[in-house]
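Shown next, in structure tokens, is the structure this report addresses.
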Amino acid sequence: MTEADLKKVIAAQGLVLRDEDAAATLATARFLIEAARRVQGAAR
Amino acid sequence: MKAPPVPSVAEAGAALRSGRMTCVGLLALHRDRIAAVDGQVRAFWAMDPRAEALAAQVDADLRAGIDRGALHGMPFAVKDMVDVAGLPTTNGSRAADPAPALQDAEAVRRLIAAGAVPLGKVATYEWGFVGPEQGLEHPPAANPWNLSHITGGSSSGSAAAVAAGMVRLAVGSDTGGSIRSPSAYCGGVGVKPTRGCVPGDGFFALSPDLDTPGPIAATVAEAALTLEAMAPGASLGQTPGIRGLTIGYARDWFAADPALDPCVLVAMDDAVSALSLAGARIVEVQMPDYALMEAVGAVMIHVQGLRLHRDSLRDRGHLWGRMATQTVQAGAVLSDADFVAAQGLVPGLTAAVDAVLGPCDAIVTATTLTPAPPFAAFDRGAVWTPMRTLPFNVTGHPALSVPCGFAGGLPVGMQVIGRHGDEAGILRVAAAFEAATDHAVITAPL
């Protein structure tokens, strides 16, 4: 996921990703994407 | 001469009942200690204006022969995510509703009914999520053992106030470790009871599936007394000593983690030796996959956190701090399907922990994998602090942290986990460990 992708995902929630928040939010988002992948894998 | 740490519940209780001290006088000791050290620790954000009147009522009660028990007259602090009547619940955020709470949270009401005196509101991370962040309405609390280090959170002020000797008892809440990790970092005893044990009415939610109110205190006995008042019957039935108990040591669950500070492993191994010398039979146990349990908890927290805060972020986001904004917004990458999948794994993971507990009376493992990091580590934003706490929010098992040693001059904690509903059992193990060691009598050098 890129910052541009994340911006769109957050905008879809009615929120705005500020440039100053982008890097840190992306780091957390990537952790959560991996967490979701792990959860979905275990759920199957 | 600086005002000393406040007396223990036992000491204060004896003084109150013998007439050597009044509750109003005891309250003054707390205020003196706060005045002496809180400028450095920054635990307290607001004082409860009812405290003097309640203390005077305690004195009148005791003179009239009315004795409500061990907590009668004991001041306590309340995490600022928890309602205290007449004070706003700031949740550490400028975006919070500034109106004062109309009534006490149920757990606070129960403590007051037991005769305890609410002293004031103490620091928390913004919305309970992540911190510490500078530049918010209140500066973050500092670790009394080393003021350039964090307390951990989000029950940061609760742990700091206890560790600094400003109060013996505090109310906190724990969604992924927010009672246990600051307790470990600050050298206090923090109990996350079984989910549902303590009523959550009046506690601001972070992740309703995982949130658990509980106490932080200076000693195991004081934590047990506080828990008992918050949830009558929860800590009754403790049998002294652990001779004959079987304790599972989940060593492999943390020992190989590259983030582990070696001093934590030494402290844990020494702690387990102490448990063995106290008469327990120690067996090494294998826990379910930590990464999966952490993933389940993270998905649940972030999906529910965004649901709770989306409107506030949209409408009042300019008032939010950066760390909380970054953390909550990141949840946008998760879907409802991810949440359902995570929820679906909870019964199996719970059963897996139950299976480990089957032949054991309790499990012990590390609370956090390092001592408290320095504030400087957070200059560029939130930093992941490795711990082993979140799995027991997912499964709902009761878990506490008790001080078990030091790393680089900062406390570290041992986590004790028990069967659902067995708060008495984990308190029993912690009490025996505390009695066999000197960790409870070593205090922060403030």
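The values are calculated or read from the model by the stated rules, or taken from the named source; none is laboratory data. Only a predicted model underlies this, so the values are computations on that prediction, with no experimental measurement involved. Methodologically, a virtual Cβ is constructed for each residue, glycine included, from the backbone with ideal geometry; neighbour enumeration extends over all protein chains shown. Side chains are part of the model used for accessible areas, which takes the heavy atoms of the whole protein and leaves out ligands, DNA and RNA. Shrake-Rupley method; radii C 1.70, N 1.55, O 1.52, S 1.80 Å.
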Normalized C-alpha radius of gyration of the stretch B:71-136, against 2.2 N^0.38 Å? 1.17
Semi-axes, largest first, in whole Å: what does sqrt of 5 times each Cα gyration tensor eigenvalue give for the stretch B:305-392? 32, 23, 9
Please report the accessible area of B:HIS149 (heavy atoms, 1.4 Å probe, ligands and nucleic acids excluded) in Å², nearest 10. 30 Å²
What the 10 Å binned alpha carbon P(r) of chain A shows, as percent of pairs per bin from 0, is 27, 47, 22, 4
To the nearest 100 Å², how much accessible surface do chains B and A cover up together, summed over both, with a 1.4 Å probe? 2200 Å²
For the protein assembly as shown, with the dipole built from +1 on Lys and Arg beta-carbon atoms and -1 on Asp and Glu ones, taken about the Cα centre, which of B:MET323, B:GLY39, B:PHE375 lies farthest toward the positive end? B:GLY39
In the full protein assembly as shown, how much of B:GLU52 is accessible to a 1.4 Å probe, in Å² to the nearest 10? 90 Å²
Cα-centred dipole magnitude for the stretch B:319-443, charges only on beta-carbon of K, R (+1) and D, E (-1), debye, nearest 20: 260 debye
Rolling a 1.4 Å sphere over the protein heavy atoms, what is the accessible area per residue of the stretch B:18-107, to the nearest Å²? 42 Å²
Degrees between helix A:19-43 axis and first principal axis of chain A (Cα, 0 to 90, nearest 10): 10 degrees
Please compute the contact order of the stretch B:168-289 in relative form: average sequence separation of alpha-carbon pairs under 8 Å and at least six residues apart, divided by the residue count, as a percent. 23 percent
Viscosity 1.306 mPa s, 10 °C: Kirkwood-radius Stokes-Einstein D of the stretch B:38-155 over Cα pairs, µm²/s: 105 µm²/s
Solvent-accessible area, 1.4 Å probe, carbon plus sulfur percent, for the stretch B:175-232: 60 percent
If I model a spin label at B:SER276 and A:GLU20 as a point 7 Å from the Cα along the Cα→Cβ vector, what separation in nanometres do I get? 5.4 nm
What is the stretch B:1-140's relative contact order, in percent, from Cα pairs under 8 angstrom and six or more apart in sequence? 26 percent
Taking the Cα centre of the protein assembly as shown as origin, work out the dipole magnitude from +1 charges on Lys and Arg Cβ and -1 charges on Asp and Glu Cβ, in debye rounded to 20. 260 debye
Over all Cα pairs of the stretch B:365-446, the Kirkwood radius sets Rh, and Rg/Rh then becomes 1.02
Can you give the calculated 222 nm mean residue ellipticity of chain B, where each DSSP H run of n ≥ 4 adds -39,500 (n - 2.57) and the sum is split over every residue, rounded to the nearest 500 deg cm²/dmol? -12000 deg cm²/dmol
Cβ-Cβ FRET estimate between B:LEU319 and B:TYR290, R0 fixed at 51 Å, reported to 0.05: 0.90
How big is the stretch B:108-219 by Rg and Dmax over its Cα atoms, in Å? 13.1, 38
Per DSSP helix of 4 or more residues, -39500 (n - 2.57); summed, then divided by the residues of chain A. What does that give at 222 nm, rounded to the nearest 500? -26000 deg cm²/dmol
Span from the the stretch A:21-39 Cα centroid across to the the stretch B:315-369 one, whole angstrom: 14 Å
Apply the Kirkwood formula to the stretch B:257-331: the hydrodynamic radius equals the inverse of the mean of 1/r over all pairs of different alpha-carbon atoms; give it in Å with one decimal. 16.2 Å
Just the Kirkwood number for chain B, please: inverse of mean 1/r across all distinct Cα pairs, in Å, one decimal. 21.5 Å
Dimensionless Rg/Rh of the protein assembly as shown, both radii on Cα and Rh by Kirkwood, sits at 0.96
Name the residue from B:PRO118, B:HIS138, B:GLY421 whose Cα lies farthest towards the positive end of the charge dipole of chain B, charges +1 on Cβ of Lys and Arg and -1 on Cβ of Asp and Glu. B:PRO118
For the protein assembly as shown, give the share of DSSP beta bridges that are antiparallel, in percent and rounded to the nearest 5; count only bridges with both residues there. 65 percent
For B:ASP311, what accessible area in Å² do you get when you roll a 1.4 Å probe over the heavy atoms of the protein chains, rounding to the nearest 10? 90 Å²
The stretch B:1-68 and the stretch B:183-236: distance between their alpha carbon centers, rounded to Å: 22 Å
Any idea what the relative contact order of the stretch B:324-446 is, in percent, if you count C-alpha pairs under 8 Å spaced at least 6 apart? 24 percent
For the stretch B:268-370, the percent of accessible surface on carbon and sulfur atoms (probe 1.4 angstrom, ligands and nucleic acids excluded) is 53 percent
Enter the mean number of other protein chain beta carbons within 10 Å of the beta carbon of each residue in A:11-21, as an integer. 5
Residues of the stretch B:319-333 that bury at least 20 Å² of accessible area, probe 1.4 Å, when all protein chains are present rather than the chain alone, are B:ARG322, B:GLN326, B:GLN329, B:ALA330, B:ALA332, B:VAL333
